[in-house]
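Visitor: Here's a structure for you.
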Number of protein chains: 2
Amino acid sequence: MSTDQFRQKAHRIALFLFFCAFTTLVNAQVITSPDKNLSMKFELTAKGEPTYQLTFKKKPVIKQSKMGIATQDVPSMLEGFKVVDTKQNTVDETWEPVMGEQKMIRNHYNELLVTLEQSEPKARHINIRFRLFNDGLGFRYEFPQQENLNYFVIEEEHTEFNLTGDHKIFWIRGDYNTNEYAYTTSKISQIPNLIEKATIDVHAQNPIDTLSVQTPSMMKTDDGLYINIHEAALVNYPAMHLNVDPVNFRMSSHLTPDAVGNKGYMQTETQSPWRTIVVSDKATDILASRLILNLNEPTKYEDVSWIKPTKYIGVWWEYFVNGKSSWAYSTETNVKLTDDFTKFTPNGRHGANNENVRRYIDFAAENGFDAVLVEGWNIGWEDWFGNWKENVFDFVTPYPDFDVKALNDYAHSKGVKLMMHHETSSSVVNYERRLDEAFTFMNKYGYDAVKTGYVGKIIPRGEQHDGQWMVNHYIYVANKAAKYKIMVNSHEAVRPTGLHRTYPNWIAQESARGTEFEAMGGLAPDHTTILPFTRLMGGPMDYTPGIFQTDMSIYGGNQRVNTTLVKQLAYYVTMYSPLQMAADLPENYERFPDAFQFIKDVAVDWDNTWVQEAEPGDYVTIARKAKGKNEWYVGGITDENSRTATINFKFLPKGKNFVATIYADAKDASWNKNPQKYTIRKVRVDSKSKLKQYIAPGGGVAVSVKEVSKDELKGLKKL
Amino acid sequence: MSTDQFRQKAHRIALFLFFCAFTTLVNAQVITSPDKNLSMKFELTAKGEPTYQLTFKKKPVIKQSKMGIATQDVPSMLEGFKVVDTKQNTVDETWEPVMGEQKMIRNHYNELLVTLEQSEPKARHINIRFRLFNDGLGFRYEFPQQENLNYFVIEEEHTEFNLTGDHKIFWIRGDYNTNEYAYTTSKISQIPNLIEKATIDVHAQNPIDTLSVQTPSMMKTDDGLYINIHEAALVNYPAMHLNVDPVNFRMSSHLTPDAVGNKGYMQTETQSPWRTIVVSDKATDILASRLILNLNEPTKYEDVSWIKPTKYIGVWWEYFVNGKSSWAYSTETNVKLTDDFTKFTPNGRHGANNENVRRYIDFAAENGFDAVLVEGWNIGWEDWFGNWKENVFDFVTPYPDFDVKALNDYAHSKGVKLMMHHETSSSVVNYERRLDEAFTFMNKYGYDAVKTGYVGKIIPRGEQHDGQWMVNHYIYVANKAAKYKIMVNSHEAVRPTGLHRTYPNWIAQESARGTEFEAMGGLAPDHTTILPFTRLMGGPMDYTPGIFQTDMSIYGGNQRVNTTLVKQLAYYVTMYSPLQMAADLPENYERFPDAFQFIKDVAVDWDNTWVQEAEPGDYVTIARKAKGKNEWYVGGITDENSRTATINFKFLPKGKNFVATIYADAKDASWNKNPQKYTIRKVRVDSKSKLKQYIAPGGGVAVSVKEVSKDELKGLKKL
């Protein structure tokens, strides 16, 4: 039994005591959040259209908004409804995730289940289930199995989000195939003028023709309300984008179509994902919300002991620094999996060669990393991209200079794992055909985690990264990987919706513009102050932080990572993931051993989290307690503006002694000047301490706190 | 080493003696067939367009016709060519198929290889390879790997077949998803007026918008020339249909598109399938042609000993006779693979139940059949069709009333195999995901053959049965099945192109309108006189003959099989397949034991074949010698008109004694009156005998000939 399951059961008894169910037939009904701050009203229009509206502290958040599903082959489910039953429940339970930002998560909501019936042309009923938490609303459509509703094809979901004004919004363009755009911050009304400029080049992109943005969509109202719209438990359904009406400030669901333009093949009994609206007047509450996780199903895995937080390095960043090394082994430009690669001329720059990989293994072992990712180990990289090629990789044949057995044996002898890399080139049917063989291969050599990649246009051709078929594929891979006790870190997949609760071996995803783009034009200094409010709402991100050599001109070219060195340290706390990379080259860490110590120390799985201060687009400061250890880590970041972070240590146990190591930007540092200038100081802290710390433009602060003996405190100043 | 490979090697020495290669740079070149009857001229137009033309006995067959490939992403390969090299070869070799119509096949042709170069915009060359046999022409495009040609996407192939006049043509409409139309016989010029009427309802059909017909396309000129256009070795390329210009009598290639409208993803070195034109002034030569097989590659399978000719019965026809039994087990209309089917209410008509299957096994064992096909054995049939459902079958879970182990054990104890059935419902990715598990399951229980089905719309959605992706899928299945020593009989797959030479475990296909349609409106009496000239040109057909109870009104309804009983016997000889079914219900065979004897006796694999008389749409009479036995079988069929078949026994060894058993229609029999009236007589025959045999309207004749001792001839009349 998983810990998750165990906790669910343990709390069920308490749970039932809170149940209060009753039935009513009125066409309007109101529920409130447990703390009464949020209120949701369900109502049918005169035409029998379902609607909902949401208020926070009596201020409207979502004005009356319609709900419904347009279908292709059966009558649509948009109007003509009457309410035939309603039920209300209260749930208050606590559960334990396999890994996470906190050891225990409280799931506390008031629920309204509305049963709607259409009598024409044939009697048919659906449910809408609302769950109102203190931190927001989740609702979904449920389609019970019934005589007149067995199969249907979705033409479009018509869920509206009628906003109350021209909010500030942090957005990327709706696109069926990529979420790797840079964010734009604007008013909703400004989106039409900005959307073309925001549509920067990304591989395999397919921007939606109509005005739309992606979720998680983060907004702020003029009177200081924070609203985040996303979805939870995206299973067997296409991902939702949001159509934008920039005049009426109405957003509405826009599902990802398949190869023939359909938006979902449904067989009852089934349901939509949850539509989520996280709301608060404090930005920190948005980051602290566990609403999306709570709306996902507990895992069904019986054994989760093999799923482990992982800190890793990799033969990876060297592929991005100009000309240093290459994924491909040879000088060929046209290769087949049946070719004999030993006959090809090596290009002399192949990164995944035995000697280089051994160097990484040595470095990982010396510095306590769990694993070494090696990209470019397998044949096929010479022409893997851009040809919509089907048999592009086989996932089991190494290049001639990569000795799978010897390297794994060497790594294991030093207590390190190699991390597998399966770039699919989005040739997904090819990947599925070879999956069992690939996972068997991993088991044979002792790999326990795989980074998957979905770069390029999907095969089956015409399908989209965000479509129902691909949504199911990612879950198929996670499920199959679990059978082999393999953890999965997917890149270029659909953005997460909390499914790491259900499939805890799907430990992280990319699904946003990550560090690699620092080597391809750079990321704006505010990018990582937005990501926690957008991409990370759905789940952990393999952002691959830790670049110390931010000025990449030393490799040639003029690329630059737009942060200070210390901001890179802070990411290990601000960007939650149980899988964290130290992405820079080993030699760069060797030049800054004192700063590198933070990366070596920092935890990646947590007992608790305190979001100290946050404003999307401006700054984020988070403190966390390491799982099972009396160690705390704090990360604070800012955008292009310097600021003073305030860190309150009241999360520390009272009456004990701690030493804090504070990694701070130098006064004359900034993301584009002196980014490697920093200070490190050790001070005494306790639960009453408060730190006011200067953060440079594009900079950050990182703090580690450890409980120490009195002796160890000697000579240290109090904060 | 396979027999095929062995024979290829054995004859290679002889082969090289015939080689005569030379090089020339002229822009026109002529080759002739070994017997000089056929002449092919290759020529470039003034614009540098490749063309070919073909004559038979100095009469034009194909007038000058252009060749070329339009591409999407690189410059097209249509014009601007010059000839930079030509080579001629002669090949004369003999090879042995694993199974076939004759033990040894002669492969004798003169070859012209033309290397064409385009200089603009970048130097690039392709080859066109022509092989001229005594029975026709094959040619293909070859794309060598080169600096300026690595990957390309085909927009359309532009191969023309400029015919000399308004030929009679036996045609079905071009359709990307089905070849199960009924044939129309007309002039080419009449196709536009007839095409809508010819577009009868077939599941998942997708008729081509433009005027087109399918291959193999059988034509007859006014002056008695027979022309058959098809293709050979369809691998990694979409199937070709033929655009029809009904005014200029010009046909041209029309490839099947994929989900996004592309027509082929090519990586050099590669090639197109062979385009084939079989020509003769004798219709019997068309049926005797082995040109398509000769243009396919020898098998690469190292062991073919497990591939065996198979005569089988099956729990199958009872699904087509009104209401008798059903594939589905329960009364449900909405099922999932995760459902517990033991909890469902049985519908009381499930065909694949233990008792019924045992009855079939007993009948098979008693009558010497190799196998019993059982359809409807596995869960999912309740709602398998019409929902474009992905997880429709799992191929390993039997219905509660089908005991896989017990039934296989029972069958094996009686020397009979069960034959597996994998209906995919065209959910092809689902099938591929489960294929290893399904084949492992077959091995476990001792199944050695599978009938696959592709009914419905393809998943990946938007792909077509005849597209490149599906073409590769069928081969993927055949190849994977071979690893498990499993034979494959595919239904609803792309029509065959001789690939059973390369993949001999792909022993038969349906891929045309077969016996099942007799239960769904009936087949025209001339249908099976056309099939050998069309569908069967590509390979063996699992036509499922042998229906004795042709008047199906005894089951209710008014369906009728439009043949006499004897015509059903004749099919075992006229419709070549190493896999032959006796499709009727056991109880119907028990009522006609004397006629049934022919089905029990007839061979399904052959040492030799003599096409005695044939006219497409009218009649076919074929004699064959059983493989490795001194037994001969003759089948003759006619269309709706009675006729007198002439069977010449000169194929028998001279100076020996034989007894012929002649199964003949009664004088007053016909397809719609007295179809079960027949006579059986035994006579003495020798190599000088000639039989003139009356065949009733819609009827046939079947003859078995065995060598006997002189004693056994006593009392028998001479023919």
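Visitor: Going by the conditions given, is A:Ala328 surrounded by 21 or more Cβ atoms within 10 Å (Cβ to Cβ), within 30 Å of the chain's Cα centre (by Cα) and in a loop (DSSP other than H, G, I, E, B)? Explain how you work it out, then say what you get.
Guide: Numbers: surrounded by 21 or more Cβ atoms within 10 Å (Cβ to Cβ): yes; within 30 Å of the chain's Cα centre (by Cα): yes; in a loop (DSSP other than H, G, I, E, B): yes.
Yes, satisfied.
Results for (1) out of contact with any strand residue (DSSP E or B) (no Cβ under 8 Å at 6 or more places or on another chain); (2) aromatic (Phe, Trp, Tyr); (3) assigned to a loop (DSSP other than H, G, I, E, B), shown as yes or no for each residue.
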position	(1), (2), (3)
A:Val279	no, no, no
A:Lys300	yes, no, yes
A:Asp303	yes, no, yes
A:Glu318	yes, no, no
A:Glu332	yes, no, yes
A:Val335	yes, no, yes
A:Val357	no, no, no
A:Ala364	no, no, no
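Visitor: What about A:Asn387, is it within 14 Å of chain B (Cβ to nearest Cβ), polar (S, T, N, Q), closer than 28 Å to B:Asn472 by Cβ and surrounded by 19 or more Cβ atoms within 10 Å (Cβ to Cβ)? Break it down into steps so the answer makes sense when it comes.
Guide: Values: within 14 Å of chain B (Cβ to nearest Cβ): yes; polar (S, T, N, Q): yes; closer than 28 Å to B:Asn472 by Cβ: yes; surrounded by 19 or more Cβ atoms within 10 Å (Cβ to Cβ): yes.
Yes; evaluated as a whole, the condition is true for this residue.
Visitor: Can I ask one more? Restricting to the range A:254-274, count the residues that are more than 13 Å from chain B (Cβ to nearest Cβ) and buried (at least 22 other Cβ atoms within 10 Å of the Cβ).
Guide: Residues flagged as more than 13 Å from chain B (Cβ to nearest Cβ) and buried (at least 22 other Cβ atoms within 10 Å of the Cβ) within the range A:254-274 amount to 6.
Visitor: Anything in the range A:409-426 that is farther than 25 Å from A:Asn347 by Cβ and among the polar types (S, T, N, Q)? List them, or say none.
Guide: A:Ser413
Visitor: Moving on to the next point. Condition test on A:Ile292, is it touching a residue at least 40 places away in the same chain (Cβ under 8 Å) and assigned to a strand (DSSP E or B)? So that I can check it myself, show each step before the final result.
Guide: Details: touching a residue at least 40 places away in the same chain (Cβ under 8 Å): yes; assigned to a strand (DSSP E or B): no.
Against the criterion (touching a residue at least 40 places away in the same chain (Cβ under 8 Å) and assigned to a strand (DSSP E or B)), A:Ile292 does not qualify.
Visitor: Which condition breaks for A:Leu499 when tested against (1) more than 11 Å from the chain's Cα centre (by Cα); (2) part of a loop (DSSP other than H, G, I, E, B)?
Guide: For A:Leu499, the failing item is (1).
Visitor: So, one more: Find the residue count for the range B:39-59, including only residues that are among the aliphatic types (A, V, I, L, M) and surrounded by fewer than 22 Cβ atoms within 10 Å (Cβ to Cβ).
Guide: Qualifying residue count, the range B:39-59: 2.
Visitor: Quick check: is even one residue across the range A:469-491 away from chain B (no Cβ under 14 Å), surrounded by 24 or more Cβ atoms within 10 Å (Cβ to Cβ) and part of a loop (DSSP other than H, G, I, E, B)?
Guide: There is no residue in the range A:469-491 that is away from chain B (no Cβ under 14 Å), surrounded by 24 or more Cβ atoms within 10 Å (Cβ to Cβ) and part of a loop (DSSP other than H, G, I, E, B).
Visitor: Can you go through A:Lys187, A:Lys168 and tell me which one is in contact with a strand residue (DSSP E or B) (Cβ under 7 Å, 6 or more places away or on another chain), without any contact (Cβ under 8 Å) to a residue 40 or more places away in the chain and either more than 30 Å from A:Thr90 (Cβ to Cβ) or among the hydrophobic types (A, V, I, L, M, F, W, C) (or both)?
Guide: Exactly one residue qualifies, and that residue is A:Lys187.
Visitor: Since B:Thr424 meets every condition but one in (1) within 25 Å of the chain's Cα centre (by Cα); (2) among the polar types (S, T, N, Q); (3) within 14 Å of another protein chain (Cβ to nearest Cβ), which condition does it not meet?
Guide: Only one criterion is unmet by B:Thr424, namely (3).
Visitor: Moving to a separate point now. Working only within the range A:205-237, note down all residues that are over 20 Å from the mean Cα position of the chain (by Cα) and in a loop (DSSP other than H, G, I, E, B).
Guide: A:Asn206, A:Ile208, A:Asp209, A:Thr210, A:Leu211, A:Thr221, A:Asp222, A:Asp223, A:Gly224, A:Leu225
Visitor: Still on this structure, I have one more. Of the conditions (1) at pLDDT 95 or above; (2) assigned to a loop (DSSP other than H, G, I, E, B); (3) more than 23 Å from B:Lys485 (Cα to Cα), B:Gly323 fails just one. Which one is it?
Guide: Failed condition: (1).
Visitor: Take the residues in the range A:149-169 that are farther than 14 Å from A:Gly224 by Cα and assigned to a loop (DSSP other than H, G, I, E, B), then tell me which one is farthest from the other protein chains (Cβ to nearest Cβ).
Guide: A:Thr159
Visitor: Restricting to the range B:687-711, give me the number of residues that are surrounded by fewer than 15 Cβ atoms within 10 Å (Cβ to Cβ) and of a type outside the set (Lys, Arg).
Guide: Total satisfying the criteria: 3.
Visitor: Looking at B:Met520 and the list (1) more than 28 Å from B:Tyr694 (Cα to Cα); (2) without any contact (Cβ under 8 Å) to a residue 60 or more places away in the chain, which single condition is not satisfied?
Guide: Condition (2) is where B:Met520 drops out.
Visitor: Considering A:Tyr431, A:Tyr447, A:Tyr476, which residue is within 20 Å of A:Pro578 (Cα to Cα) and either modelled with pLDDT of 95 or more or not β-branched (Val, Ile, Thr) (or both)? It would help to see each step written out before you state the result.
Guide: Working: A:Tyr431 fails: within 20 Å of A:Pro578 (Cα to Cα); A:Tyr476 fails: within 20 Å of A:Pro578 (Cα to Cα).
Result: A:Tyr447 is the single residue among A:Tyr431, A:Tyr447, A:Tyr476 that is within 20 Å of A:Pro578 (Cα to Cα) and either modelled with pLDDT of 95 or more or not β-branched (Val, Ile, Thr) (or both).
Visitor: Give the number of residues within the range A:109-142 that are assigned to a strand (DSSP E or B) and out of contact with any Phe, Trp or Tyr (no Cβ under 8 Å at 6 or more places or on another chain).
Guide: 7
Visitor: Let me ask something else. If you scan the range B:65-114, which residues turn out to be surrounded by fewer than 21 Cβ atoms within 10 Å (Cβ to Cβ), under 25 Å from the mean Cα position of the chain (by Cα) and among the hydroxyl-bearing types (Ser, Thr, Tyr)?
Guide: The answer is B:Thr94, and nothing else.
Visitor: Among the candidates A:Ile292, A:Ile200, single out the residue that is over 19 Å from the mean Cα position of the chain (by Cα) and more than 14 Å from every other protein chain (Cβ to nearest Cβ). Break it down stepwise before answering.
Guide: Values: A:Ile292 fails: over 19 Å from the mean Cα position of the chain (by Cα).
The match here is A:Ile200.
Visitor: Answer with yes or no whether B:Val396 is under 19 Å from B:Val488 (Cβ atoms), away from chain A (no Cβ under 14 Å) and β-branched (Val, Ile, Thr).
Guide: Answer is yes for this residue.
Visitor: Hey, can you tell me all the residues within the range A:255-271 that are assigned to a loop (DSSP other than H, G, I, E, B) and under 26 Å from B:Ile458 (Cβ atoms)?
Guide: A:Thr256, A:Pro257, A:Asp258, A:Ala259, A:Val260, A:Gly261, A:Asn262, A:Lys263, A:Gly264, A:Thr268
Visitor: If the Cβ limit is 6 Å and pairs must be 6+ apart or interchain, which residue in the range B:676-700 that is over 22 Å from B:Asp639 (Cα atoms) pairs with which residue that is charged (D, E, K, R)?
Guide: So the pair list comes out as B:Val683/B:Lys717; B:Arg684/B:Lys718; B:Ser687/B:Lys650; B:Ser687/B:Lys654.
Visitor: Let me ask you something else. Scan the range B:448-468 and tell me whether some residue there is in contact (Cβ under 8 Å) with a residue 60 or more places away in the chain, within 14 Å of chain A (Cβ to nearest Cβ) and part of a helix (DSSP H, G or I).
Guide: Within the range B:448-468, one or more residues are in contact (Cβ under 8 Å) with a residue 60 or more places away in the chain, within 14 Å of chain A (Cβ to nearest Cβ) and part of a helix (DSSP H, G or I).
Visitor: Show me the helices (runs of 4 or more DSSP H) found entirely inside the range B:532-631 where at least 2 residues are surrounded by 20 or more Cβ atoms within 10 Å (Cβ to Cβ) and touching a Gly at 6+ places or on another chain (Cβ under 7 Å). So that I can check it myself, show each step before the final result.
Guide: Numbers: elements: B:565-574, B:586-591, B:593-601.
Where helices (runs of 4 or more DSSP H) fall fully within the range B:532-631 and carry at least 2 residues being surrounded by 20 or more Cβ atoms within 10 Å (Cβ to Cβ) and touching a Gly at 6+ places or on another chain (Cβ under 7 Å), they are B:565-574.
Visitor: On to the next question. Can you run down the residue pairs with Cβ atoms below 6 Å, 6 or more apart or on separate chains, where the first is in the range A:99-119 and under 16 Å from A:Asn27 (Cα atoms) and the partner is of a type in the set (Asp, Glu) and at pLDDT 95 or above?
Guide: If the second residue must be of a type in the set (Asp, Glu) and at pLDDT 95 or above, the pairs left are A:Thr115/A:Asp85.
The values are calculated or read from the model by the stated rules, or taken from the named source; none is laboratory data. Not measured: the values here are computed from a predicted model. Note that we place each Cβ from the backbone using ideal geometry, even for glycine, and neighbour counts take in every protein chain shown.
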